[in-house]
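These notes are about the structure you will find just below.
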Amino acid sequence: MRVLSVPDIQAAVAAMRADLPQIRSQQLTRIEVMDSNTVFLSYRDTGEQFATRHVVKRVGGHWRYTWQIVMGLRD
């Protein structure tokens, strides 16, 4: 089971918003915890059908947006 604390998830979201400010106007649609140091955050623009999955990682104790996106669908 992959579990992160609520403060860790909040820190990952805050890091994404700080590193990519334009994401603030988009809707966060999904949070996927991949492991204790990797989270996928899915965002989409209002009116868009599909979200973009962004990779956020904890490096040196701090969450950072990696400037990577994940392509494809996942069940």
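Quick notes on this structure:
- Equivalent ellipsoid, the chain (semi-axes from 5 times Cα gyration tensor eigenvalues, Å): 19, 15, 11
- Solvent-accessible heavy-atom area per residue, rounded to whole Å², over the chain at 1.4 Å: 68 Å²
- Residue-level accessible surface for Ile9, protein heavy atoms, 1.4 Å, Å²: 40 Å²
- Around the amide H of Thr29, modelled in the peptide plane, lie the amide H atoms of Ser42, Tyr43, Arg44, all under 5 Å away and 5 or more residues distant in sequence or on another chain.
- Accessible carbon and sulfur surface of the chain relative to its total accessible area, %, 1.4 Å: 51 percent
The values are calculated or read from the model by the stated rules, or taken from the named source; none is laboratory data. All values derive from a computational prediction rather than experimental measurement. Note: areas computed on protein heavy atoms with side chains; ligands, DNA, RNA excluded. Shrake-Rupley method; radii C 1.70, N 1.55, O 1.52, S 1.80 Å.
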